[in-house]
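Trainee: Quick one: the structure is below, questions incoming.
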Amino acid sequence: MPVPTTVKSKKPPGAGLKVAKPASKKKDEEEGVDQGDGWDEWAQGKALIKPPDQLELTEEELKEEFTKILTANNPHAPQNIARYSFKERSYKPISSVDQMAVHFVLEGNLIHVDSEEARRQRARQDQTDEKPAAEAEAEPDEEIPENPVIEETSEIVDAAAAEDAEEAEVLGEEERPDSVEAQIGKKEQKVTNQFNFSERASQTLNNPLRERSCQTEPPPRCNFSATANQWVIYDAYLEELEKQEKNKDKQKTFSAKKEEDKLKKNKMVTETQSDDVTKVVKVVKIFERMVNQNTFDDIAQDFKYFEDASDEFREQEGTLLPLWKFQYDKAKRLSVTALCWNKSYQDLFAVGMGSYDFSKQGHGMLLLYTLKNSTCPEFVYPTSSGIMCLHIHDRLSHLVAVGFYDGCVAVFDLKAEEGGAAQPAFKSTAKAGKHTDPVWQVRWQNDDMDNNHNFYSISSDGRVVSWTLIKNELVFSDVIKLSLEGALPECLEVVEQPSVACGTSFDFHPKIDFLFLVGTEEGKIHKCSKAYSSQFLETYQAHNMAVDAVKWNQFHPKVFLSCSSDWTVKIWDHTIRTPMFTFDLNSAVGDVAWSPYSSTVFAAVTTDGKVHVFDLSINKYEAICQQPVVAKKKTKLTHIEFNPIHPIIVVGDDRGYVTCFKLSPNLRKKPKEKKGQEVPKGPEVEEAKMEKLLSLLREPDYNSV
Amino acid sequence: MAETGEGKKEEADYKRLHSFPLIRHTDMAEEMRVETMELCVTACEKFATNNESAAKMIKESMDKKFGSSWHVVIGEGFGFEVTHEVKNLLYMFFGGSLAVCVWKCS
């Protein structure tokens, strides 16, 4: 609203504003006084300071009064405005000049309640919030439009103008019942001027929230459940009491138990130690055999099926077909000193490794090979002394008797667990009658009266000793002592010490239990009896050098075979002191063996590396097969053994190799079958076959006698 | 066993023989087990006729000694399945007719 009054004075325009308010309140009459006061106050501090150019006035002049009249006319307003009037077609002065001067204008951001715009806005608001509207209707008195002024808000609009307008109403307003004001005012929103209203707000960035926590693992828990009742409790107590009773008993036998426990523990330890290996041993063994079967498939086929076809055209001669060759790296420098087939497992044979050379004695080794695995022995027993001989028990095929170069005899038990297997189950000691010279042959005998196993051994010290396995020791008893002249009487033993003969081989009669032959180093063969320790039944002047082997024929009870380093093999009838046959093989004969399938077939090995196979029924003078079987010329063959079932032989040499040969058909010839005639078989036939041969030879003797 | 005369004698025997504490199941450490067992025996002997007081005593003592949240059940016949903190359970019989189960679970 424009200011209705203007103050005409010399004061600056700013002061006018300041004065304007009180002036409007107190009306025009008081204006002068007010003004004067204002001046006085303002001039107080500087009363004496006068501008230099101030007019000097006299008293009179000062007291002179000037009258000034304040009008509502604007002094700046033009008073002589002329406008062209089209009606009268002339310029005319305009009488009414606008006297209003506007000093200050501020556009409000709110609208007066009574204004059209405010009303419209309110109407719109009512529509949107019907609820409040409904409430309002409940009290009809409160009707908003009827209230001319609702707020003090309008105060802000234009201070001076509002003041004027309201002057009269202020009282009324205040007297107005608060109820409407208070009730509505709260929910009444200010009506905004939409063209000049801005809400100012600024939003600051909220600091991001961060969560930090840590969780520990709860202590582990578990469930437990049980039922307690009288009978459960009773049973538990009874059980406990029983246990206590037992403990008492135990304490009585505590000392004894303790030792047992210790033993058990020890056992457990050894068991657990070997456990990791033993688990796979069997599997590995099977695999090894499978691999070998694949690698040596051709040999296995030969072994089973190959028959030398050329034999048919050769009439009498036969050949040997080499099959597997066995060797063991750790026994490379040793020579084969003994061979023996296992009677129960026909694929298994034992090989004794040692040395015949006096200057090269050292360790020995007992190996057991199977034909199913030619690359590696099934069992290996290293020994401190060289092995000279061995024999596998006929029935208890896990027992192997072994004779050593140092005079010991021992028994190995193949059943024993791997851990303790390196040591023999039994071993003779110096105290218990061990030989003083190399043991040349050992042989199992039938169990004695008390069912103890026993075997015999022969050594260069001239003793034949019987060993009996009792509990865990070997008990010895001398069977015979050899002498040059004959069996040595006990009492003369000491005196005639030098005359002791050296035994090198022996063999027990297969049928007559007490009868056995002993071959000696000086070439004699003694026929002895277990019953007489002091006497020989017979002595044969057999050879000129050491007798390397004597063997009874397995069919004919009277016939035996001997071989010697003097190049000869001789066949004897033990009732006759001269040999029935003599064969010269042109080299020292290492070993000789009867075949298990024919009474007239035997084989010998010589140091020149040849195998000689004889069949007396075919050729009485020459070998039907004479075949060198060694790779190197100087290799000497040492031993030969026939497999008890299969037509194969194993031959050992002094380089540690054992070779397996298959006999060709001619070497195991059966008597020719005649048509319509059944071929007789069996030991009787074999015996008769031999007898027939012998009878031819004996006749001249009988005639001569 | 059936005869009354012998039955009485048996009963006396039973009472005498079965008075010792018999630990049925526990996973406690040796030291703790012994202590707990002795505590149970003491409590059961002290409150021979009031299992509730005995249980309360055991529980409070255990809370003091081994940290809180122990639970104790004492009775002549009950079944239970509880979750306990490992190494904190003892289930024992005592006096021939009482079963005591003490466990910790918080």
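Only the coordinates and a few stated rules stand behind these numbers; no lab work does. Just so it is clear, the model here is predicted, and its values are computed rather than measured. Because the Cβ atoms are built from the backbone with ideal geometry, glycine has one as well, and the counts that use them run over all protein chains shown.
Trainee: Residue A:283 versus residue A:295, label points 7 Å from Cα toward the beta carbon: distance in nm?
Mentor: A separation of 2.1 nm, rounded to one decimal place.
Trainee: Next question. Average partner chain C-beta neighbours within 10 Å, per residue of A:215-222?
Mentor: Averaged over the peptide's residues, the number is 4.
Trainee: Still on this structure, I have one more. In percent, how large is the relative contact order of segment A:496-650, given Cα pairs closer than 8 Å and 6 or more residues apart?
Mentor: Across segment A:496-650, relative contact order equals 13 percent.
Trainee: Relative contact order (percent) for chain B, with alpha-carbon contacts under 8 angstrom and 6 or more residues of separation?
Mentor: Reported as a whole number, the value is 34 percent.
Trainee: Let me ask something additional. Once you have the Cα-Cα distance between residue A:128 and residue A:302, take 0.36 nm times their residue separation minus that, and quote the gain in nm to one decimal.
Mentor: Here the segment from residue A:128 to residue A:302 would lengthen by 51.2 nm.
Trainee: Just to verify a number: FRET efficiency for residue A:584 and residue A:429, C-beta to C-beta distance, R0 = 41 Å, to 0.05?
Mentor: Efficiency for this residue pair is about 0.40.
Trainee: Which FRET efficiency value, to the nearest 0.05, is calculated for residue A:309 and residue A:361 with the Förster distance at 51 angstrom and r the Cβ-Cβ distance?
Mentor: Between residue A:309 and residue A:361 the formula returns 0.60.
Trainee: Fewest Cβ neighbours within 10 Å first, please rank A:411, A:442, B:73 accordingly.
Mentor: B:73, A:411, A:442
Trainee: Name the residue farthest towards the positive end of the dipole of chain B from the options B:23, B:72, B:92, assuming +1 on Cβ of Lys and Arg, -1 on Cβ of Asp and Glu, about the Cα centre.
Mentor: Going by the Cα projections, it comes out as B:72.
Trainee: Next question, about the same structure. Starting from the Cα of residue A:79, step 7 Å along the direction of its Cβ; do the same at residue A:241; then give the gap between the two resulting points in nm.
Mentor: Result: 14.4 nm between the two label points.
Trainee: Strictly over 29 Å apart at the Cα level, which of A:343/A:431; A:246/B:15; A:527/A:692 would you flag in this model?
Mentor: A:343/A:431
Trainee: Counting other Cβ atoms within 10 Å of each Cβ, which chymotrypsin sites (Phe, Trp or Tyr not before Pro) in segment A:294-330 have at most 15 and sit in a DSSP loop?
Mentor: Of the chymotrypsin sites (Phe, Trp or Tyr not before Pro), the ones in loops of segment A:294-330 whose Cβ has at most 15 other Cβ atoms within 10 Å are A:306.
Trainee: Something else: Name the GluC sites (Glu not before Pro) in segment A:497-553 that are in a loop by DSSP and that have at most 10 other C-beta atoms within 10 Å, would you?
Mentor: Here no GluC sites (Glu not before Pro) fit, given the DSSP loop and packing criteria.
Trainee: Could you list A:216, A:582, A:504, A:575 in order of exposure, starting from the residue whose Cβ has the fewest other Cβ atoms within 10 Å?
Mentor: Ordered from fewest to most neighbouring Cβ atoms within 10 Å, A:216, A:582, A:504, A:575 come out as A:216, A:575, A:582, A:504.
Trainee: Sort A:366-372, A:530-536, A:449-455 for me by packing, meaning the mean count of neighbouring Cβ atoms within 10 Å per residue, highest on top.
Mentor: Ranking the peptides A:366-372, A:530-536, A:449-455 by packing returns A:366-372, A:530-536, A:449-455.
Trainee: Same structure again: Just tell me how shielded B:75-84 is by partners: mean number of partner chain Cβ atoms within 10 Å of each residue's Cβ, no decimals.
Mentor: Taking the mean over all residues of the peptide, I get 5.
Trainee: Still on this structure, please answer the following. In debye, nearest 20: dipole of segment B:19-104 around its Cα centre with unit charges on the Cβ of K, R (+) and D, E (-)?
Mentor: 100
Trainee: Could you please rank B:34, A:651, placing first whichever residue has the fewest other Cβ atoms within 10 Å of its Cβ?
Mentor: Lowest count first: B:34, A:651.
Trainee: Cα centroid distance between segment B:71-106 and segment A:546-580, in Å?
Mentor: That distance is 92 Å.
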